[in-house]
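A.B. asks: A single structure is presented below for examination.
Read-outs: derived from the displayed coordinates by stated rules, not from any lab. What you are looking at is a predicted structure, and each value in this text was computed from that prediction instead of being measured. Counting neighbours? That spans all protein chains shown, and the Cβs are built from the backbone with ideal geometry, glycine included.
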Amino acid sequence: MATFSTDRMSLIEAYRRLGYESPELLLGDMVEQNDFLRVAAVAPANKGFFNETLRAKKLGEGKITGINAGIPNISSVTDKVSDPVVVYEGASYVDVRLFDGVTDVAAVRNSEDAMNLAGFSNGWNNILVYGTPKDAGGFTGLAAMRNKKADANVIDFGGSSNLSSAYIIEFGMQGLKLLYAKGATPGISSEDMGRVKIDAQDGSGQYWAFERDYKIYFGFSNRNDAAVKRIANIDIATTDASSLLSKVIRAKNKLPSKGSRAFMFVNSDVKSLLEELVLEKATNVRTVEIENYGPVVHFLTLPIMTMDAITSDETKVA
């Protein structure tokens with residue numbers, strides 16, 4: 001299987017470059033409904049099921065020199081960070097009795113599997129946001145990355161109930177990457193396991209079903225700690241959208257690129273607050289049509305994307 005490296009490649013692009021056919025059958029539908037997956041940079045882990053990255057702790061400096069004077073060593077101090085790639089799996093079962101008298105068995109089976117796959121992908125999205133090393137096999141989700149007010153990359157909005165968050169992220173080799181295992185399918189893969197006998201959920205016995213197993217290898221690697229910001233403790237019931245945008249400005253201007261290559265992710269509740277500013281013709285909040293994507297609300301240079309795995313009943317970040 002071919003390998004490659006890039007500083008900005010989407011999941012669909014990775015899927016196609018590795019020679020997988022018809023991504024629209026599985027990956028395409030999942031990505032179409034998930035803004036995070038549509039814009040996140042993706043790359044294979046460089047150590048199979050781990051990705052090793054050198055992250056600068058201290059940058060070296062030069063100095064003014066004179067004739068016959070020595071040249072200073074500008075070596076930086078770095079940490080080697082190792083991020084795991086974990087696997088998220090699920091089996092979809094469809095009762096064979098559903099196909100009695102059906103002429104297009106494949107179409108009916110795909111329809112039933114699609115409903116199971118929706119729940120599967122929703123569960124994965126939740127792990128991307130709220131997964132912790134303890135409950136997700138060593139994987140650290142966005143909330144666990146930024147779970148303390150003392151973190152310089154967390155901006156507290158001060159709410160105490162009905163809480164949600166906004167994440168402002170720069171993707172790429174110098175920011176956050178979504179990893180997949182080297183040699184594995186990027187994103188979601190499936191395997192038809194055929195006809196199997198399984199236990200009925202109500203305990204009434206066994207029945208025959210068709211089984212299709214789904215699998216996602218994934219992880220996060222963040223080269224620059226400043227590339228992921230969280231605005232935490234947003235009270236969706238009382239928050240003034242203009243006040244929230246003032247916090248966004250603070251977070252954006254502390255990103256490595258000052259927001260020129262960043263995306264902001266919020267759930268539908270927070271996004272609705274911000275989109276109402278478009279109706280009010282608020283300065284620098286506008287809707288921009290992006291080719292092959294559709295209308296996206298922007299604030300200054302920052303696209304505001306939907307990530308409904310972010311809940312509106314979060315625990316207060318302290």
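A.B. asks: How large is the translational diffusion coefficient of segment 61-106 in µm² per second when you combine the Kirkwood radius over alpha carbon pairs with Stokes-Einstein at 20 °C and 1.002 mPa s?
C.D. replies: 116 µm²/s
A.B. asks: Further question: Distance cut-off 21 Å, Cα to Cα: go down the list Lys215/Lys316; Lys80/Lys177; Lys149/Lys247; Lys148/Lys254; Lys229/Lys271; Lys177/Lys316 and report the pairs above it. Walk me through the intermediate numbers first.
C.D. replies: Values: Lys215/Lys316 33 Å; Lys80/Lys177 16 Å; Lys149/Lys247 14 Å; Lys148/Lys254 17 Å; Lys229/Lys271 17 Å; Lys177/Lys316 27 Å.
Check vs 21 Å cut-off fails for Lys215/Lys316; Lys177/Lys316.
A.B. asks: Just from its helices, what would the mean residue ellipticity at 222 nm be for the chain, if runs of 4 or more DSSP H residues each count -39500 (n - 2.57) and the sum is divided by every residue, rounded to the nearest 500 deg cm²/dmol?
C.D. replies: Working: 7 runs with 72 residues, N = 318.
The per-residue figure over the chain is -6500 deg cm²/dmol.
A.B. asks: Given Cα pairs under 8 Å that are at least 6 residues apart, what percent is the relative contact order of segment 228-318?
C.D. replies: 32 percent
A.B. asks: Taking θ as phi - 60°, what are the ³J(HN,Hα) couplings along segment 131-146 by the Karplus curve (6.51, -1.76, 1.60), each to the nearest whole Hz, with x for Gly and Pro?
C.D. replies: Here the 3J(HN,Hα) series is x, 10, x, 5, 9, 10, x, x, 6, 10, x, 4, 5, 5, 4, 10 Hz.
A.B. asks: Also, I was wondering about something else. If you wrap a convex hull around the Cα atoms of segment 123-179, how much volume per residue is inside, in Å³?
C.D. replies: Per residue, the Cα convex hull of segment 123-179 comes to 119 Å³.
A.B. asks: Same structure again: Can you quote the Å³ per residue value for the convex hull of the Cα atoms in segment 80-224, rounded to an integer?
C.D. replies: Dividing the Cα hull volume of segment 80-224 by its residues yields 183 Å³.
A.B. asks: Can you give me the relative contact order of the chain as a percent, contacts being Cα pairs under 8 Å and 6 or more apart? Walk me through the numbers on the way to the answer.
C.D. replies: Values: 603 pairs, mean separation 67.0, N = 318.
Relative CO of the chain lands at 21 percent.
A.B. asks: Hey, in the GNM for the chain with a 10 angstrom Cα cutoff, which one of Ala143, Ala209, Ala14 fluctuates hardest?
C.D. replies: Result for the chain, Cα springs under 10 Å: Ala209 fluctuates most.
A.B. asks: If you don't mind, another one. Please give me the summed charge of the neighbours of Ala237: other residues whose Cβ is under 12 Å from its Cβ, Lys and Arg +1, Asp and Glu -1.
C.D. replies: Surrounding charge for Ala237 is -4.
A.B. asks: Tell me, Lys247, Lys148 in order of fewest to most beta-carbon neighbours within 10 Å?
C.D. replies: Lys148, Lys247
A.B. asks: While we're looking at this one, here's another question. Within a 10 angstrom radius of the beta carbon, how do Arg223, Arg286 rank from fewest other beta carbons to most?
C.D. replies: Least to most surrounded, the residues fall as Arg286, Arg223.
A.B. asks: Please give the peptides 176-189, 92-105, 303-316 ranked by average Cβ packing (other Cβ atoms within 10 Å per residue), highest first, as a rough proxy for protection.
C.D. replies: 176-189, 303-316, 92-105
A.B. asks: For Asn284 and Met173 in the same chain, what is the full-extension length gain: residue separation times 0.36 nm, less their Cα-Cα distance, in nm? Walk me through the numbers on the way to the answer.
C.D. replies: Numbers: separation 111, 0.36 × 111 = 39.96 nm, distance 2.90 nm.
Answer, rounded to one decimal: 37.1 nm.
A.B. asks: Sticking with this one: Nearest 20 debye, what's the magnitude of the dipole of the chain about its Cα centre given +1 on Lys and Arg Cβ and -1 on Asp and Glu Cβ?
C.D. replies: 1920 debye
A.B. asks: Hey, got the Cα dimensions of segment 200-284 along the principal axes, in Å, largest first?
C.D. replies: Result, largest extent first: 62, 35, 22 Å.
A.B. asks: Kindly provide the pair-distance distribution of segment 144-263 built from C-alpha pairs, with 5 Å bins from 0 and whole-percent values in order of increasing distance.
C.D. replies: 2, 10, 14, 14, 12, 10, 9, 8, 8, 8, 6, 2, 0
A.B. asks: Could you tell me how many cubic angstrom of Cα convex hull volume the chain has per residue?
C.D. replies: 199 Å³
A.B. asks: While we're looking at this one, here's another question. Contour minus end-to-end for Trp208 and Asp151, with contour as 0.36 nm per residue of separation and end-to-end as the Cα-Cα distance?
C.D. replies: Length gained, Trp208 through Asp151: 15.3 nm.
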